[in-house]
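The values are calculated or read from the model by the stated rules, or taken from the named source; none is laboratory data. Values in this document were obtained by computation on a predicted structure and should not be read as measured data. Here the Cβ positions follow ideal geometry from the backbone for every residue, glycine too, while neighbour counts run over all protein chains shown.
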Amino acid sequence: MNYDALKLKNQLCFPLYAVSKEVTRLYKPFLDPLGLTYTQYITMMALWETDGINVKSLGERLFLDSGTLTPLLKKLEAQGLVKRTRSKDNERNVFITLTEAGWQLRESAIKVPEQLIKCLKIEADDAQVLYRILNKLLDQGIQTEVK
């Protein structure tokens, strides 16, 4: 029996996982001064784009479930960066809005993407191709059932 299909080097998932983990690790020295984890950072970026979004929509946008997102938002609220407000029409619907401090943090965060790019050893053309392919996968959605 040929087990080549089970070798890590033959898996698409493994380099995606490993690179994702390593790139996330590279963010740490740039995010620590901001008082943010990587997941908090992407949450703040989504809020800087769409302030006043509800938790469900935010979770869908970030591919995070409520079990991950709710404690994260509570921490951001404790830091004074966001405010959580329950809908008057439906108490289960919670909206997230940035505070003044949350908006001000954007000024410090503006440097992060440029700092990270300097750490990556990839040509600009290759980065654009990779970006396009990964976003194509996300846009098409990942099918969860085997056909």
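Got a sec? Which of Gly67, Gly59 is free of Cβ contacts under 8 Å to residues at least 24 places away in the same chain and in contact with a helix residue (DSSP H, G or I) (Cβ under 7 Å, 6 or more places away or on another chain)? Steps first, answer last, please.
Numbers: Gly67 fails: in contact with a helix residue (DSSP H, G or I) (Cβ under 7 Å, 6 or more places away or on another chain).
Exactly one of Gly67, Gly59 is free of Cβ contacts under 8 Å to residues at least 24 places away in the same chain and in contact with a helix residue (DSSP H, G or I) (Cβ under 7 Å, 6 or more places away or on another chain), namely Gly59.
Quick check: anything in the range 43-52 in a loop (DSSP other than H, G, I, E, B) and either in contact with a His (Cβ under 6 Å, 6 or more places away or on another chain) or in contact (Cβ under 8 Å) with a residue 24 or more places away in the chain (or both)? Within the range 43-52, one or more residues are in a loop (DSSP other than H, G, I, E, B) and either in contact with a His (Cβ under 6 Å, 6 or more places away or on another chain) or in contact (Cβ under 8 Å) with a residue 24 or more places away in the chain (or both).
Please determine, by comparing only the residues of the range 21-35 that are without any contact (Cβ under 8 Å) to a residue 40 or more places away in the chain and closer than 27 Å to Ser66 by Cβ, which one is surrounded by the most Cβ atoms within 10 Å (Cβ to Cβ). Spell out the reasoning first.
In the first step, residues of the range 21-35 are kept if they are without any contact (Cβ under 8 Å) to a residue 40 or more places away in the chain; the result is 21-22, 24-25, 28-29, 32.
Going one step further and asking which of them are closer than 27 Å to Ser66 by Cβ, we end up with 21, 24-25, 28, 32.
Details: Lys21: 10, Thr24: 15, Arg25: 10, Lys28: 11, Asp32: 10.
Looking at the filtered set, the residue picked out is Thr24.
Taken over the range 82-102, the criterion of being out of contact with any helix residue (DSSP H, G or I) (no Cβ under 8 Å at 6 or more places or on another chain) and either at pLDDT below 90 or hydrophobic (A, V, I, L, M, F, W, C) (or both) is satisfied by Arg86, Ser87, Lys88, Asp89, Asn90, Glu91, Arg92, Ala101.
Screening the candidates Val82, Val94 for the property of being over 22 Å from Gly141 (Cβ atoms) and in contact with a Gly (Cβ under 6 Å, 6 or more places away or on another chain) yields one hit, Val82.
Answer with yes or no whether Leu36 is assigned to a helix (DSSP H, G or I) and hydrophobic (A, V, I, L, M, F, W, C). Break it down stepwise before answering.
Numbers: assigned to a helix (DSSP H, G or I): no; hydrophobic (A, V, I, L, M, F, W, C): yes.
Against the criterion (assigned to a helix (DSSP H, G or I) and hydrophobic (A, V, I, L, M, F, W, C)), Leu36 does not qualify.
If you check Leu98 against the conditions, is it farther than 14 Å from Leu34 by Cα and touching an Asp or Glu at 6+ places or on another chain (Cβ under 6 Å)? In short, yes.
If we scan the range 29-48, do we find a residue that is touching a Gly at 6+ places or on another chain (Cβ under 6 Å) and closer than 30 Å to Leu137 by Cα? Spell out the reasoning first.
Our first condition is that a residue be touching a Gly at 6+ places or on another chain (Cβ under 6 Å); within the range 29-48, this holds for none.
No.
Each residue in the range 88-131 was checked for being surrounded by 10 or more Cβ atoms within 10 Å (Cβ to Cβ) and assigned to a helix (DSSP H, G or I), and 20 pass.
Please find, within the range 75-87, the residue that is surrounded by the most Cβ atoms within 10 Å (Cβ to Cβ) out of those that are of a type outside the set (A, V, I, L, M, F, W, C) and either out of contact with any Ser or Thr (no Cβ under 8 Å at 6 or more places or on another chain) or part of a loop (DSSP other than H, G, I, E, B) (or both).
Of all residues in the range 75-87, those of a type outside the set (A, V, I, L, M, F, W, C) come to 75, 77, 79-80, 83-87.
Imposing the further condition that a residue be either out of contact with any Ser or Thr (no Cβ under 8 Å at 6 or more places or on another chain) or part of a loop (DSSP other than H, G, I, E, B) (or both) reduces the set to 75, 77, 79-80, 84, 86-87.
Values: Lys75: 17, Glu77: 15, Gln79: 15, Gly80: 12, Arg84: 14, Arg86: 11, Ser87: 11.
Residue satisfying both the conditions and the ranking: Lys75.
So, Leu72, is that one at pLDDT below 95, surrounded by 12 or more Cβ atoms within 10 Å (Cβ to Cβ) and hydrophobic (A, V, I, L, M, F, W, C) or not? The answer is no for Leu72.
Mind telling me which of the residues Gln79, Gln11, Gln40 ends up being over 12 Å from the mean Cα position of the chain (by Cα) and at pLDDT 95 or above? Before you say what the answer is, go through the steps one by one.
Numbers: Gln11 fails: at pLDDT 95 or above; Gln40 fails: over 12 Å from the mean Cα position of the chain (by Cα).
Only one candidate qualifies: Gln79.
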